[in-house]
Amino acid sequence: MTTLAVDIGGTKIAAAVCDENDTIVQRWRVPTPMDADAINQNIAKVYNEAIAAGHTDIQAIGISAAGNVGADRKTMTFAANIPAWINYNLSENVGALINHAVPVVVENDANCAGWGEYVHGAGQGSRNMVALTVGTGLGGAIVINGELYRGSFGMAAELGHLPMVPDGDHCGCGLRGCAERYTSGTSLENFAKSAIRRRPQDAKRLLELCGGDITKLEGPMVSQAAQEGDVLGLYAFNKIGEWLGRTMAATAAVLDPDIFVIGGGVVAVGDILLEPARYNYTRFLEGSAYRGHAKIVAATAGQDAGLIGAANLALR
């Protein structure tokens with residue numbers, strides 16, 4: 001028994017046939033077009049190629065998609081990067097191209113990555129887990145009593161849009177002061193650029209890395225500087241770590257998980273991010289001195305977490 005997992009990213013569609021243990025046995029990668037019909041065609045093409053390659057026991061297609069997914073696990077209610085994905089039945093449109101040979105299950109990409117961590121990564125063995133993905137934005141996934149929590153309308157775990165700062169920075173969602181405006185790869189760059197402007201006397205290393213043009217400063221440059229011990233690089237990570245801790249404390253006030261799993265490219269620096277996050281989680285946690293604290297750990301399932309999660313969820 002196998003499953004075809006599909007992860008629709010901003011630039012590429014990654015796909016894989018996974019066996020009954022969610023182990024990847026064959027991979028595909030094709031460009032992500034901005035046209036919804038072309039995306040459907042690419043997924044159907046991969047499915048047909050998988051069948052032709054001998055994977056005739058595919059039981060379902062699990063799609064990990066960046067955007068809001070309805071509770072039916074079929075419909076994209078909104079996606080920032082694909083204009084056609086507004087109340088768009090992705091499951092039906094892909095299914096029609098393969099003559100509905102197998103079910104097509106659609107999940108939010110952060111939910112897939114979080115579930116991948118729960119079943120095969122750092123969240124294994126926990127009962128109540130919250131996963132946070134620190135990337136361009138801040139994604140979330142919630143597991144309660146061993147089950148992925150989607151909410152009544154499929155909109156649970158949008159933790160990056162917790163309103164953290166009244167009348168704060170504008171967010172791409174249209175609101176202001178959302179958590180991801182202060183905890184993300186984008187906010188890491190912004191904190192570093194602000195620090196360079198305020199403290200140019202300490203900015204030698206960051207300016208070297210960006211060629212003297214702070215408009216070209218990117219997150220990996222800040223990570224490199226921080227790992228070298230650069231004071232402004234460390235400052236930028238302390239700031240997003242502080243807001244990550246605040247976000248986890250706010251989440252714990254509602255969900256009280258036993259573990260937070262932190263993923264995304266920014267977490268590659270390890271404790272440079274996680275230590276200020278842990279400190280500020282404790283600092284802002286209600287009743288901190290009189291209650292149990294969740295573990296805060298780095299994700300371990302790697303870049304395949306979304307594919308693994310999509311494959312596993314498609315059969316549940």
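Tabulated data
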quantity	calculated
Some residue of region 204-218 being among the small types (Gly, Ala, Ser) and in a helix (DSSP H, G or I)	no
Residue within region 233-242 that is in a loop (DSSP other than H, G, I, E, B) and of a type outside the set (S, T, N, Q) present	no
Sole residue being open to solvent by less than 60 Å² (accessible area, probe 1.4 Å), at pLDDT below 95 and not aliphatic (A, V, I, L, M), chosen from Asp35, Asp109	Asp109
Test: residue in region 260-268 that is surrounded by fewer than 18 Cβ atoms within 10 Å (Cβ to Cβ) and part of a helix (DSSP H, G or I)	yes
Checklist (1) at pLDDT below 95; (2) in contact with a strand residue (DSSP E or B) (Cβ under 7 Å, 6 or more places away or on another chain) applied to Phe153, failing item	(2)
Count - residues of region 149-161 that are open to solvent by less than 50 Å² (accessible area, probe 1.4 Å) and under 24 Å from Leu274 (Cβ atoms)	3
Pair list, Cβ < 6 Å and 6+ apart or interchain, from region 11-39 residues that are of a type in the set (D, E, K, R) to residues that are in a helix (DSSP H, G or I) and at pLDDT 95 or above	Asp22/Ile308; Asp22/Ala311; Asp22/Asn312
Region 162-175, residues that are open to solvent by 70 Å² or more (accessible area, probe 1.4 Å) and either free of Cβ contacts under 8 Å to residues at least 12 places away in the same chain or assigned to a helix (DSSP H, G or I) (or both)	Pro166, Asp167, His170
Residues (among the acidic types (Asp, Glu) and either open to solvent by less than 50 Å² (accessible area, probe 1.4 Å) or out of contact with any Ser or Thr (no Cβ under 9 Å at 6 or more places or on another chain) (or both)) located in region 44-65	Glu49
Filter result (on the phi > 0 side of the Ramachandran plot and among the hydrophobic types (A, V, I, L, M, F, W, C)) within region 121-159	Ala157
Hits in region 69-106 - residues which are open to solvent by less than 50 Å² (accessible area, probe 1.4 Å), in contact with a strand residue (DSSP E or B) (Cβ under 6 Å, 6 or more places away or on another chain) and more than 30 Å from Ala298 (Cα to Cα)	Thr75, Thr77, Trp85, Tyr88, Leu90, Ser91, Val94, Gly95, Val102, Val104
Filter result (part of a helix (DSSP H, G or I), open to solvent by less than 30 Å² (accessible area, probe 1.4 Å) and without any contact (Cβ under 8 Å) to a residue 40 or more places away in the chain) within region 272-294	Leu274, Pro276, Ala277, Asn280, Tyr281, Ser288
Residue match in region 141-151 (condition: among the basic types (Lys, Arg) and closer than 26 Å to Asn40 by Cβ)	yes
Filter result for the condition that a residue is touching a residue at least 40 places away in the same chain (Cβ under 8 Å) and assigned to a helix (DSSP H, G or I), over Ala195, Ala157, Ala131	Ala195
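Conditions tested, residue by residue: (1) under 19 Å from Leu274 (Cβ atoms); (2) crowded, with 18+ Cβ neighbours inside 10 Å; (3) over 24 Å from the mean Cα position of the chain (by Cα).
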site	(1), (2), (3)
Phe191	yes, yes, no
Arg197	no, no, yes
Pro200	no, no, yes
Ala203	no, yes, yes
Glu208	no, no, yes
Gly212	no, no, yes
Ala226	yes, yes, no
Phe237	yes, yes, no
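The values are calculated or read from the model by the stated rules, or taken from the named source; none is laboratory data. Note that the structure is predicted; figures quoted are calculated from it, not measured. Note: ideal-geometry Cβ built from the backbone for every residue, glycine included; neighbour counts use all protein chains shown. Remember, those area values only see protein heavy atoms, side chains included, never the ligands or the DNA or RNA. Shrake-Rupley method; radii C 1.70, N 1.55, O 1.52, S 1.80 Å.
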